[in-house]
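Participant: After the structure tokens below, expect a handful of questions from me.
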Amino acid sequence: MDTIQKHFKSIEKVPVNEKPLDDDGRDGDEMDRISDMPNEILCHILSFLPTKYAVATSILSTKWKNLFCFIPNLRLHLDDSLLLNQQSPSSTNLISFMNFVNRLLNVTLSDVPSINAFCLICQNLSDGLCISNWVSAAIRLNAKRIDLRVRHLKNANALFDSLYGCKIVSLNLFLYFVDHNLECRFNLPNLKILSIQFMKYKESNVLLEGCPMLEYLLVYNCYCYPGDILRICIPSLKVLKLVNDFYCLEGKIELEAPKLEELNYRGFLSNRYLAKNLKCLQIAQLDLDQSITQYPFEFNEHASELIKVCSNVVKLFLSEKFIIMLQLLPHRLPRFPNLVTLAVKNMNSSGWELLPSLLECAPNLKNLLIKDGFDMECFENFKDSLPESLSINLSQRGEKGFLLEICREARTIEPDKIHGESCLIGKNKESISQ
């Protein structure tokens, strides 16, 4: 629960002016220069305040009364921990918060044509029916982006029903369900960006199936039962980020994304990876958890499966833990015919031992970036062990690490050898025909 708790961030309270203001927004001693600013600048200032404090400025004077409603690209950020009594979130305080949000969405903003984003954070309120009404109101206000973080969500089906078929382009769901038998339906035909956090594979699959135009997907610490499969089969997907901080995940990941260009995997490994049709994949980052000193031996094979998924990439980023696993594999690495740049997070002894195999499997590798752990003695010893046709030089060092350039001599074949080989091929053909 510590991981969940830290994601519910509260904004610090804005200090209150101790001097009372008069009807014109002045403190009686000095001129109120802020209120004398043009409305456009005041609206711009209000756009940086939490919604609670931006709405509260309406009581300063008649000048501020309706400014909140005219903020361009209005972003609503509602957090019940800000509006409730921190020490005692009683039912009275909850009702006060609910009344505030109801009036804000249905009265204060009733004439506003659209809002840019709607963010709702609920640490104390868990009623999905109430939350679904607010989401419906935000959709009526033509919200483009919705961010929902509910710690103990009840009646989740009502919430998903309120989202069904809406035209939002970005959605972040941080939902910790109380319901055990959740049956949800989902359809977001225009959604481009989706982030799902702390959800089971079953609900995640329903969400993904309902997003046919998705281009960016973040799956953060979603969990499963043994044998469950997370199916990411999205024809339009371009960027995929998978974060798994749960140790020894028992599930599998199925990936089919013909337009996928970037894959970022962080955390622990899954039991199996089923991938196909990743012909457009250009960039892959594989960063395993550094706090665990030893994985079970079979996880080395899982690492091998994952790196096979990335065999067509142009740029590859590997963490220290991932390199150790690959170095312990009993079989050869897959080929990387398109790999040009390899970045290593921390180059230890296992990295220098694995590098010859990587050079052999990546014939077009030109750049090696070492962020940390570069050892000049290991580098010189490695250079001395290279064949004459291959050289590696330290071309740059700086804050971002060490850049090594890999040069390969072009192999030329003498004309006599070519003629001899062609004759040999001809003789073999004759012998086969006989």
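The values are calculated or read from the model by the stated rules, or taken from the named source; none is laboratory data. Because the structure is predicted, anything quoted here is derived from the model rather than measured. Ideal geometry is used to build each Cβ from the backbone, glycine not excepted, and the neighbour counts take in all protein chains shown.
Participant: Kindly check whether there is at least one residue in the range 295-314 that is at pLDDT 80 or above, assigned to a strand (DSSP E or B) and among the basic types (K, R).
Facilitator: No: zero hits.
Participant: Scan the range 208-227 for residues that are more than 20 Å from R272 (Cα to Cα) and among the aromatic types (F, W, Y) and jot them down.
Facilitator: Residue satisfying the conditions is Y216 alone.
Here's the yes/no breakdown for (1) outside any strand (DSSP E or B); (2) crowded, with 16+ Cβ neighbours inside 10 Å; (3) over 15 Å from the mean Cα position of the chain (by Cα):
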| site | (1), (2), (3) |
| --- | --- |
| P189 | yes, no, yes |
| E203 | yes, yes, yes |
| L207 | yes, yes, yes |
| C211 | yes, yes, yes |
| L214 | yes, yes, no |
| L217 | no, yes, no |
| P226 | yes, no, yes |
| L230 | no, yes, yes |
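Participant: Residues being in contact (Cβ under 8 Å) with a residue 12 or more places away in the chain and surrounded by fewer than 13 Cβ atoms within 10 Å (Cβ to Cβ): count how many of those fall in the range 350-380.
Facilitator: Step one: of the range 350-380, the residues in contact (Cβ under 8 Å) with a residue 12 or more places away in the chain are 350-359, 361-375, 378-379.
Checking the rest, the ones that are also surrounded by fewer than 13 Cβ atoms within 10 Å (Cβ to Cβ) come to 363-364, 372.
Matching residues across the range 350-380 total 3.
Participant: Looking only at the range 240-284, which residues are part of a strand (DSSP E or B), polar (S, T, N, Q) and surrounded by fewer than 20 Cβ atoms within 10 Å (Cβ to Cβ)? Please lay out each step first, then the result.
Facilitator: In the first step, residues of the range 240-284 are kept if they are part of a strand (DSSP E or B); the result is 240-244, 252-256, 262-267, 272-276, 283-284.
Then keep just the ones that are polar (S, T, N, Q); that gives 244, 264.
Of everything in the range 240-284, just one residue is part of a strand (DSSP E or B), polar (S, T, N, Q) and surrounded by fewer than 20 Cβ atoms within 10 Å (Cβ to Cβ), namely N264.
Participant: Being assigned to a loop (DSSP other than H, G, I, E, B) and at negative phi narrows it down to one residue among I115, I131, I139; which is it? Full working, then the answer.
Facilitator: Working: I131 fails: assigned to a loop (DSSP other than H, G, I, E, B); I139 fails: assigned to a loop (DSSP other than H, G, I, E, B).
Among I115, I131, I139, only I115 is assigned to a loop (DSSP other than H, G, I, E, B) and at negative phi.
Participant: Here are some residues: S91, S132, S136. Which one is modelled with pLDDT under 85 and of a type outside the set (D, E, K, R)?
Facilitator: Working: S132 fails: modelled with pLDDT under 85; S136 fails: modelled with pLDDT under 85.
Result of the check over S91, S132, S136: S91.
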